[in-house]
Every structure is written in structure tokens, then in C-alpha cells.
Amino acid sequence: MKKYEVLKKIADKGIVAVIRAESPDKAVRITEACLEGGVNSIEITFTVPSAHRLIEEMAKRFQGEDVLLGAGTVLDAETARIAILNGANYIVSPALDLDTVKLCNRYQVPCMPGAMTVREVIMAMEAGADIVKVFPGNAFGPQIIKAIKGPLPQASLMPTGGVDLSNAAEWLKAGSIALGAGGALTAGAKTGDYKKVTRTAKEFVGIINDFRGS
């Protein structure tokens, strides 16, 4: 899939599911629940055991389907390259690592490094980041998006951390291109309630669609 196609799909859907789990099997079940709820941009974090193997298996499983599979918690270029080789459509990092952004641009794979301050956002954009992950979003709340976009209206920002059903519309109103939803989306999995994950996914999608008037 071409880089611009991946970015358009993420922006069009407006939400990325951040998957953290104690085992690959649990990560798969959470992914299935999110997909059933209409969230098709999936970020498998490298905190999941054998994440690279899981990404490889899922990339094969969902080949040809409308599923975007990304790698998250990518701390360096080496990990990014492993993820890309195993089928990751995009790379997400908690902070800005210049070598990681450089590698992603070399292979034309979307890169979303983390940032919080205006200076960090500018550095990420100048390095070639496609979307800047505002993290941790709960440090300031939705107002941080509006504050950053004041001097940087051209910035494509995706908050992660602190995004939930109660404030999703506020994040969008502030100017977020998409939302990164982790624990607030996948909480049901902690008790084995994957149907709750699906219901929550549907609610997120509904809020985004209502906000956009679709």
C-alpha cells in the first residue's frame, strides 16, 4: 500500500487502536474486537511479547482486507526496520528519534513520532514526520492541540493517552487529524469482555462520524 493511501485511510477513519497486551493471543482477540467495531487502523505495540512475529502473522492474515497494521512503541530505527519487514504499514513512536524518521522516509512508510511541546512538534515536522503523535495527551488535555495549531496550523496531530469517549469530540474539535485510543478502547479485554471492546469501538466511530457530519 502506498504511503499516501495509508495516511488517507487513517485520516478518513479518524482513529487508531493502540493494542497493548500480555500475550500475542490476547492482542489478536483485541484486534478482532476492534475490527468488528469498525476500527480498522491497528497499532501493535512492541511491548507485546514477540510483537514482530505477531505483526508478520497478522499482515498475512489480513492481506487484501481493509485493515491497516502498524507498529507502536518503536524506539529506534532497527525496530522500525524489523516491523516494516514483517508487514507494518506505519510506525508510531512515543518520542522523536531522527534515525527512525529517516528510515521510514527512506522506505516511504508513514512515521508518527511522539511530541508534546511546540519545539518538539516543529523538530518532528522538519525531520519528515507525517503525523505527530501528541503524547501523553492527558498531560494537558484537548487544549494542547488547539494551542499547538495556533502557531502551527499546518501540523497534523494525533493525540494518544487520555483519549476516551467523554472527550473524543473535544480532541477533534481542537483540530486532531485522528485519535489514538488505547486503554479507554480496550479496557474490556482486562476482564475478557471483548464484546465491550467492540461496543466501545463502535461508540468511538459514531462520535467521529457525528462530529464530521457523516
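Around Ala33, with a cut-off of 10 angstrom between Cβ atoms, what is the net charge of the other residues, counting Lys and Arg +1 and Asp and Glu -1? It would help to have the intermediate numbers written out before the result.
Details: positive: Arg29, Lys195, Lys196, Arg199; negative: Glu32, Glu36, Asp193.
Cβ neighbours under 10 Å give a net charge of +1.
Quick one: net charge around Leu157, please, counting Lys, Arg +1 and Asp, Glu -1 for every other residue with C-beta under 14 Å from its C-beta. Each step should come with its number before you reach the end.
Working: positive: Lys133, Lys146, Lys149, Lys173; negative: Glu120, Asp130, Glu170.
After counting each charged neighbour, the total is +1.
Out of the GluC sites (Glu not before Pro) in the range 11-102, which ones are loop residues according to DSSP with at most 12 other C-beta atoms within 10 Å? Walk me through the intermediate numbers first.
Values: sites: Glu22, Glu32, Glu36, Glu43, Glu56, Glu57, Glu65, Glu78; in loops: Glu22, Glu65.
Of the GluC sites (Glu not before Pro), the ones in loops of the range 11-102 whose Cβ has at most 12 other Cβ atoms within 10 Å are Glu22, Glu65.
Run through all the Cα pairs of the range 1-80 and give the fraction in each 10 Å bin from 0, expressed as whole percent.
18, 54, 27, 1
Could you state the number of Å between the C-alpha centres of the range 126-167 and the range 38-78?
Cα centroid to Cα centroid, the span is 22 Å.
What residues have an amide H closer than 5 Å to that of Lys133, excluding those fewer than 5 places away on the same chain, when H is modeled at 1.01 Å from N in the peptide plane?
Gly114, Ala115, Met158
Quick one: Karplus J couplings for the range 89-101, per residue in order, coefficients 6.51, -1.76, 1.60, θ = phi - 60°, nearest Hz, x for Gly and Pro?
Once rounded to whole Hz, the list reads 7, 7, 10, 10, 10, x, 8, 8, 10, 4, 5, 5, 4.
Using Cα-only point scatterers and the Debye equation, what is log10 of I(q)/I(0) for the chain at each q in 0.15 Å⁻¹, rounded to two decimals?
-0.89
Of the candidates Val118, Val16, Val132, which one comes out as most mobile in a Gaussian network treatment of the chain with C-alpha springs shorter than 10 Å?
Val118
On full extension of the chain, what length is gained from Ala147 through Asn209, given 0.36 nm per residue of separation minus the C-alpha to C-alpha distance? Could you put the intermediate results ahead of the total?
Values: separation 62, 0.36 × 62 = 22.32 nm, distance 2.42 nm.
This chain segment gains 19.9 nm when fully extended.
Keeping the other protein chains in place, figure out the carbon and sulfur percent of the accessible area of the range 123-179, with a 1.4 Å probe. Each step should come with its number before you reach the end.
Numbers: 1370 of 2400 Å².
Here carbon and sulfur together make up 57 percent of the probe-accessible area.
At a 1.4 Å probe radius, carbon and sulfur cover how many percent of the accessible area of the range 16-85? Working shown, then result.
Numbers: 1440 of 3060 Å².
Answer for the range 16-85: carbon and sulfur cover 47 percent of the accessible area.
Pairs Lys9/Lys133; Lys8/Lys190; Lys26/Lys173; Lys102/Lys149; Lys26/Lys149: which exceed 28 Å Cα-Cα? Don't skip to the answer; put the middle values down first.
Numbers: Lys9/Lys133 16 Å; Lys8/Lys190 32 Å; Lys26/Lys173 33 Å; Lys102/Lys149 24 Å; Lys26/Lys149 37 Å.
Lys8/Lys190; Lys26/Lys173; Lys26/Lys149, as the Cα separations exceed 28 Å there.
Could you tally the net charge around Thr79, taking each other residue with its Cβ under 11 Å from the Cβ of Thr79, Lys/Arg +1 and Asp/Glu -1?
Net charge in that neighbourhood comes out at -3.
Rounded to the nearest 500 deg cm²/dmol, what is the calculated helix-only ellipticity per residue at 222 nm for the chain, with -39500 (n - 2.57) per DSSP H run of length n ≥ 4? Each step should come with its number before you reach the end.
Numbers: 10 runs with 100 residues, N = 214.
Computed mean residue ellipticity for the chain: -13500 deg cm²/dmol.
For the chain, what does the accessible surface come to per residue with a 1.4 Å probe? Please give it in Å².
Working: 9760 Å² over 214 residues.
Accessible area per residue: 46 Å².
Using the basic label-point model (7 angstrom from Cα toward the beta carbon), what is the Ser23 to Leu75 distance in nanometres?
About 2.5 nm, to one decimal.
Amide H to amide H, which residues 5 or more places from Asp76 or on other chains are under 5 Å from it, using H placed in the peptide plane?
Those lying under 5 Å, H to H, from Asp76: there are none.
Per residue of the range 27-44, what does 6.51 cos²θ - 1.76 cosθ + 1.60 with θ = phi - 60° give for ³J(HN,Hα)? Whole Hz please, x for Gly and Pro, Karplus curve as stated.
Along the range 27-44, the couplings run 4, 5, 5, 5, 4, 4, 5, 5, 4, 4, x, x, 9, 10, 9, 10, 10, 8 Hz.
Output ³J(HN,Hα) for the range 3-16: one whole-Hz value per residue in order, computed from phi by the Karplus curve 6.51 cos²θ - 1.76 cosθ + 1.60 with θ = phi - 60°, and x for Gly and Pro.
4, 5, 5, 4, 5, 5, 5, 5, 5, 5, 6, x, 8, 10
The values are calculated or read from the model by the stated rules, or taken from the named source; none is laboratory data. Model, not experiment: these values are computed from the prediction. Neighbour counts run over all protein chains shown; Cβ positions are idealised from the backbone, glycine included. Ligands, DNA and RNA are excluded from the accessible area calculation, which covers all protein heavy atoms including side chains. Shrake-Rupley method; radii C 1.70, N 1.55, O 1.52, S 1.80 Å.
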